[in-house]
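In what follows, a single structure is set out as structure tokens and then discussed.
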Amino acid sequence: MFNMDGMNVGRCHSLESTGVVPVSLGGSPTSANGSDVFLYDDSSMSDGSLYASDQENLSTPIKRSDCRRLHKRRSRCPQQQIQQRQAANLRERRRMQSINDAFEGLRAHIPTLPYEKRLSKVDTLKLAIGYISFLGELVRADRSFSDTMLSGVNNGQNKEEQKKIIIRVMPIKILLARQIFDSTGVPTVEVDMVTELGLFRVGVPNTDVKKVAEAVQLRDNNPSQYMGMGVSNAVKNINTIIAPELIKQNYEVTMQKEIDQFMLALDGTDNRSRLGANAIMCVSMVVAKAGAAKKGMPLYRHISDMAEITTIIMPVPHFTILTGGVLASNDLPFQEYMIMPTGVSSFADAMRLGTDIYQYVKKLIKSKFKIESTYVSDSGGFAIPLRSNRDALLFLTDAIKQCGYAGKVEIAINACASDLYKDGGYDLEFKNPKSNPQNYMSADKLAELYLENMKEFPMCSVEDAFDYDDWAGWSTLTARTQMQLIGNDLTQTNLRRVGLAVEKKAGNTLSLRLSQSATLTEIIEAFKLMKTNGFGVVVIDRWGETDDLFLADLVVGLSAGQIKCGAPARSERIGKYNQILRIEEELGALAKYAGKNYRGQN
């Protein structure tokens with residue numbers, strides 16, 4: 001076929017079959033004349049991916065007039081020449097796109113750093129070096145495929161080979177554990193993980209007192225060091241067993257379930273006592289952080305994906321105000337007296353109300369009692385010398401009213417009734433060594449006390465209302481009230497006990513604690529089991545907390561609706577609340593506060 005000027009603009013049938021747009025032989029807007037035709041089209045080159053000088057050099061076209069010196073006949077389009085041109089175009093575009101993708105990955109990772117750790121200059125340099133190494137591998141891989149691209153394979157195969165280069169698996173490069181200390185000065189485990197995207201770090205929270213169904217946190221049991229609470233054996237298990245075996249498997253960091261299952265199989269025990277639940281959980285948590293960075297998203301979004309959560313809900317906080325029970329020397333029988341800001345529209349407002357009441361109570365205590373009464377427990381609560389449960393509820397109700405938040409803030413208690421349980425009854429005077437067994441309460445009488453408190457005071461929630469094996473007491477009270485009944489010691493984030501609570505209809509809300517399981521996958525499975533059976537969920541901290549913010553991303557990612565991590569005091573606890581504030585700010589109008597629907601029953 002010829003145009004008006006007699007120039008041959010015919011094209012081969014093989015070119016049409018490949019689906020590749022032919023190179024026009026007409027004049028170019030940038031050429032001096034119609035014969036200066038570019039041999040490839042660089043219109044798909046990404047702008048901004050390289051320096052201007054590189055783009056100028058790489059996009060300089062080859063003119064047909066120059067090629068005539070090498071080829072005498074150009075009137076036709078031999079198949080081999082077309083394939084060579086296509087191969088050259090694809091190689092150039094693939095190389096530039098690969099480099100651009102790498103830099104885009106770096107830019108995508110930077111916004112997630114506040115959710116991980118702010119990198120030091122040294123860590124930032126390491127991250128940059130890692131990307132330079134990555135780019136070098138891409139270039140070497142590109143060259144290794146040059147022969148294949150010139151060998152005449154079809155366009156579909158070219159695309160598949162291109163994907164093999166660009167879509168790289170990013171496995172774990174370095175996994176290193178160490179012993180650090182939690183907020184109570186007890187040793188715990190911290191893990192560093194390095195991938196192509198940089199350094200990720202997690203410290204796992206400690207258990208306070210081992211519960212019967214919890215996964216076992218491995219301790220050294222050497223009384224000459226840290227009173228037997230050292231974790232050097234758990235650290236050794238990570239560095240000498242888990243890390244080498246995990247790196248050998250070459251898992252992608254987004255393969256959370258596969259990695260968790262591999263570690264559990266490596267442990268081989270039901271209670272995770274061989275390697276230690278603290279060792280396994282710490283690695284599981286840091287894998288989640290690396291996986292989120294690999295996907296270019298915040299940690300809470302990554303957790304939502306794994307849990308198949310589509311709507312993000314901001315949680316209602318349980319702020320500890322007063323402390324009693326075994327944690328204080330006062331006469332309060334129950335362990336914690338808390339407030340829940342349910343009548344506001346955002347987590348930021350909940351923080352405002354909670355901190356207002358907390359500061360008011362602190363000033364009130366200072367004016368009525370000694371200065372020592374303003375000192376706080378590990379969870380940030382005040383252990384003031386009140387005489388009874390009723391006195392504590394009156395005190396909190398008055399504080400809420402004085403701050404002007406009546407109707408917006410409700411009261412919750414953690415009875416921790418297992419501490420009260422003696423000889424089949426509940427001793428509200430258990431701190432008194434001379435308490436009378438005849439005054440012990442039955443489960444029914446204790447249930448009546450809860451119901452009366454609920455009618456008289458703005459109380460909406462009771463945690464651990466009965467002993468963890470008093471299933472009859474739990475089931476009976478659950479059938480009698482719509483008030484929230486939280487099973488914490490009852491189920492201990494154990495799938496078997498969660499199943500029993502579902503079967504016996506014991507409680508209507510259950511807890512999730514990171515230190516009670518060995519993997520994040522188990523936490524998500526327990527969460528799904530609870531929600532599928534209509535239970536509310538509250539994510540709870542541990543006395544031995546670290547300064548890591550994983551818990552905040554977990555509660556938002558699961559949209560659990562409630563978080564309990566102590567008073568708005570002490571950095572290891574207030575840090576979680578601050579992280580939720582950041583997430584709410586990031587979500588903007590998409591942030592929905594649970595409010596009155598904290599159990600998710602509507």
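Each value in this text was obtained by applying a stated rule to the coordinates, not by laboratory testing. Since this is a predicted model, take the numbers as computed values, not measurements. Note that each Cβ is placed from the backbone with ideal geometry, even for glycine, and that neighbours are counted across all protein chains shown.
When all alpha-carbon pairs of region 216-344 are counted, what percent fall beyond 23 Å?
When all Cα pairs of region 216-344 are counted, 57 percent exceed 23 Å.
Can you give me the Rg/Rh ratio for region 495-602, using Cα atoms for both radii and the Kirkwood formula for Rh? Can you show the working numbers first?
Numbers: Rg = 14.2 Å, Rh = 14.6 Å.
With Rh from the inverse mean 1/r over Cα pairs, Rg/Rh is 0.97.
For a test of the definition: using alpha carbon positions, the gyration tensor, and the 1.5 limit on a/c, classify region 269-338 as rounded, prolate or oblate.
On the way: a/c = 3.39, a/b = 1.55, b/c = 2.19.
The shape class here is oblate.
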Open item on the list: With viscosity set to 1.002 mPa s at 20 °C, what whole-number translational diffusion coefficient in µm²/s follows for region 522-583 from Stokes-Einstein and a Kirkwood radius over Cα pairs?
Closed with: 176 µm²/s
Task: Burial order of peptide ranges 569-579, 510-520, 587-597 (average beta-carbon count within 10 Å, highest first) - done: 510-520, 569-579, 587-597
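Between their Cα atoms, which of 173/257; 434/455; 248/528; 211/505 are more than 27 Å away from each other?
Violating the 27 Å Cα-Cα cut-off are 434/455; 248/528.
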TODO: Report the Stokes-Einstein translational diffusion coefficient (µm² s⁻¹, integer) for region 301-419, Rh taken as the Kirkwood radius over Cα pairs, at 37 °C with viscosity 0.692 mPa s.
DONE: 214 µm²/s
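May I ask you to order 200-212, 288-300 by the average number of other C-beta atoms within 10 Å around their residues, highest value first?
288-300, 200-212
Order the peptides 303-311, 318-326 from the highest to the lowest mean number of other Cβ atoms within 10 Å of their residues. Numbers along the way, then the final one.
On the way: 303-311: 16.3, 318-326: 25.0.
My ranking of the peptides, most packed first, is 318-326, 303-311.
Send over the semi-axes of region 434-478's equivalent ellipsoid, whole angstrom and largest first, taken as the square roots of 5 times the C-alpha gyration tensor eigenvalues.
Values: eigenvalues 74, 47, 16 Å².
After diagonalising the Cα gyration tensor, the semi-axes are 19, 15, 9 Å.
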Task: region 450-524, Rg to Rh (Cα coordinates; Rh as Kirkwood inverse mean 1/r) - done: 1.01
Open item on the list: Quick check on region 382-539: take the gyration tensor over C-alpha atoms, sort the square-rooted eigenvalues as a ≥ b ≥ c, and tell me if it's rounded (a/c under 1.5), prolate or oblate.
Closed with: oblate
TODO: Please list, in chain and number order, the residues 5+ apart from residue 202 or on another chain whose amide H is under 5 Å from its amide H, with Hs placed from the backbone.
DONE: 191
Open item on the list: I'd like the distance between the alpha-carbon centres of region 293-359 and region 259-281, rounded to an integer number of Å.
Closed with: 29 Å
Open item on the list: Projecting each Cα onto the charge dipole of region 371-418 (Lys/Arg +1, Asp/Glu -1 at the beta carbon, about the Cα centre), which of 397, 413, 385 comes out farthest on the positive side?
Closed with: 397
